[in-house]
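Working notes for the structure below.
The values are calculated or read from the model by the stated rules, or taken from the named source; none is laboratory data. Since this is a predicted model, take the numbers as computed values, not measurements. Reconstructed Cβ throughout: ideal geometry from the backbone, glycine too, with neighbour counts over all protein chains shown. The area values use the complete protein model at the heavy-atom level, side chains included, leaving out ligands, DNA and RNA. Shrake-Rupley method; radii C 1.70, N 1.55, O 1.52, S 1.80 Å.
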Amino acid sequence: MSASSAGTTTRPTAYNWCRSQSWTPSAVVRPAGVEELASVVQQAAARGGRVKPIGAGHSFSPVAATDDVQLDLGTLTGLTGIDRQAGRVRVRAGTRLSALGPLLGAHGLALANMGDIDRQTLGGAISTSTHGTGLGHTGYSGMVTGLEILTADGRLRRVDAAHEPELFEAARVSLGALGVVTEVELAVCESFLLRAEERAEPIDETVARFRERSRTADHHEFYWFPGSGVGLTKLNTRLPLGSGLDPLPPLRTKVMDGLLANGAYELMCRLGAAVPRTVPVLNGIACRGLDQRTYTDVSYNVFVADRSVRFTEMEYAMPLEHFEEAFAGLREICAGMFRDGRGVSFPVEVRTAAADDVWLSTAHGRDSVYIAVHRYHREDPTDYFREVEDLFVSLGGRPHWGKMNTRDAAWAAQAYPHHADWCAVRDAVDPQRVFTNAYVDRLFGS
Ligand SMILES: Cc1cc2nc3c(=O)[nH]c(=O)nc-3n(C[C@H](O)[C@H](O)[C@H](O)COP(=O)(O)OP(=O)(O)OC[C@H]3O[C@@H](n4cnc5c(N)ncnc54)[C@H](O)[C@@H]3O)c2cc1C
């Protein structure tokens with residue numbers, strides 16, 4: 001989606017990362033700076049048009065889609081301020097998370113937690129409530145202590161808990177529907193290392209120990225290939241910087257992450273998509289290829305990985321206490337699909353996050369388990385995702401805003417205690433709906 005420098009281009013079709021969504025913006029504008037950005041927004045508002053920022057295009061849902069002006073914020077990058085004493089930094093919203101790790105590391109600082117990949121922009125990650133794993137940590141939006149946001153009237157507002165607190169709360173997760181976030185103030189911590197222990201074990205043991213491990217480990221997650229009896233667990237322990245590095249040798253990859261970035265696995269997925277009855281055998285082979293690893297590296301090298309085999313994804317956050325019921329129900333759904341010859345080749349991923357107070361955070365008000373289901377990008381995910389979504393919603397689940405879901409505004413109003421507050425802020429700062437799209441309208445009304 002990005003143009004190489006500031007300017008306007010017309011692009012016939014835009015796609016998200018896995019090409020499951022496509023849309024046709026009337027123009028893609030890459031403003032050189034905040035002044036030009038304000039003028040683009042004001043012009044669109046004056047003609048009754050629409051504007052939609054895009055980050056790295058890594059959402060599975062159509063959250064970044066528009067048929068009017070798409071704003072590429074690729075020029076708004078870099079660190080703009082560091083307050084070591086307060087443990088806070090200011091970062092331009094177009095900065096990729098991949099750049100942020102080394103940028104902070106140069107000052108002895110780090111993000112306390114990260115997700116699976118670092119291709120996203122900071123603005124995109126906070127807008128959809130992106131998260132990693134660990135019950136001692138929130139998602140990215142929970143780390144936000146202040147924001148600079150350009151609203152539909154062309155005003156650049158600096159908001160935090162003391163200045164326009166309602167806009168601040170609403171904009172910490174906004175689906176890009178309240179304005180353009182230009183800069184983010186984040187709480188950060190001292191640089192640290194992570195020791196990763198990855199291993200395969202019987203899935204029943206993984207499930208039985210999930211809650212206890214999630215409480216005792218700094219960061220715990222696991223993967224499960226539907227239909228298999230194997231749980232692939234990952235436990236990350238935080239260590240001080242001086243503890244000594246023991247990184248993976250260049251040709252050895254992380255257990256799961258190596259697989260998901262692997263050409264042979266892509267071929268297996270293709271075969272499974274073409275001949276579904278081969279999937280159980282292929283899943284067994286995929287599990288057998290995964291052995292044990294222990295390594296220690298700087299935090300951002302351990303948190304994130306490559307994902308080059310493309311897939312579609314749906315992920316729901318549920319109250320942690322529903323984990324066992326949710327996972328047992330998912331296993332039943334998968335077993336039924338295998339019985340019907342509709343095997344699922346891509347692994348399920350299970351993570352946690354601490355409760356936070358961000359209005360539209362998927363972990364708002366409750367410690368949460370996140371269960372993510374995937375399908376290889378050449379397979380139709382509809383049946384599988386629908387069955388799993390029904391189950392997860394029945395257990396109080398909330399979908400990741402950047403991943404597939406079929407929720408609507410009536411559902412969102414009862415699932416989020418601050419839904420009406422968020423809508424009131426939207427009415428105040430964007431009465432003309434300059435920043436909306438069909439997806440936002442579905443979830444928050446037009
Ligand atoms: C391979 C892969 C792995 C992933 N792993 C994880 C994971 O581990 N954890 C997790 O929680 N999610 C994960 N995701 C989902 C991903 O983190 C989110 O969808 C995220 O929003 C993508 O960031 P982006 O920069 O690509 O944003 P985009 O998809 O481009 O945009 C997302 C939303 O942010 C808005 N937006 C972007 N920039 C701004 C701005 N400056 N101001 C206002 N609004 C803005 C857009 O309008 C849009 O509404 C993954 C996705 C992929 C494809």
Practice task
Tell me which residues, restricted to segment 406-427, are within 16 Å of the ligand (Cβ to nearest atom) and open to solvent by 20 Å² or more (accessible area, probe 1.4 Å).
Solution key: 407
Problem - Sole exception among (1) more than 8 Å from the ligand (Cβ to nearest atom); (2) assigned to a loop (DSSP other than H, G, I, E, B); (3) closer than 29 Å to residue 211 by Cα for residue 142, by number - result: (2)
Practice task
Sort through 349, 324, 313 and tell me the only one that's among the acidic types (Asp, Glu) and part of a helix (DSSP H, G or I).
Solution key: 324
Practice task
Examine segment 273-292 for a residue that is assigned to a loop (DSSP other than H, G, I, E, B), modelled with pLDDT under 95 and closer than 26 Å to residue 319 by Cβ, and state whether such a residue exists.
Solution key: no
Problem - Some residue of segment 23-41 being under 17 Å from the mean Cα position of the chain (by Cα) and open to solvent by 30 Å² or more (accessible area, probe 1.4 Å) - result: no
Fill in the blank from the handout: So, first residue within 9 Å of residue 374 (Cα to Cα) in segment 304-316, second residue among the small types (Gly, Ala, Ser) and not in a loop (DSSP other than H, G, I, E, B), Cβ within less than 9 Å, six or more apart or across chains; the pairs are 313/372; 314/372; 315/372
Practice task
Taking residue 421 as the residue in question, decide whether it is outside the structural domain of residue 50 (by TED's automatic domain parsing), in contact with a Phe, Trp or Tyr (Cβ under 7 Å, 6 or more places away or on another chain) and either in a helix (DSSP H, G or I) or β-branched (Val, Ile, Thr) (or both).
Solution key: yes
Handout entry: Residue identified as over 18 Å from residue 178 (Cβ atoms) and buried (at least 22 other Cβ atoms within 10 Å of the Cβ) among 132, 136, 55
Key = 132
Practice task
Would you mind stating whether residue 101 is crowded, with 18+ Cβ neighbours inside 10 Å and assigned by TED's automatic domain parsing to the domain that holds residue 179?
Solution key: yes
Practice task
Would you point out the residue of segment 165-193, among those that are touching a strand residue (DSSP E or B) at 6+ places or on another chain (Cβ under 6 Å) and more than 19 Å from residue 87 (Cβ to Cβ), that is surrounded by the most Cβ atoms within 10 Å (Cβ to Cβ)?
Solution key: 171
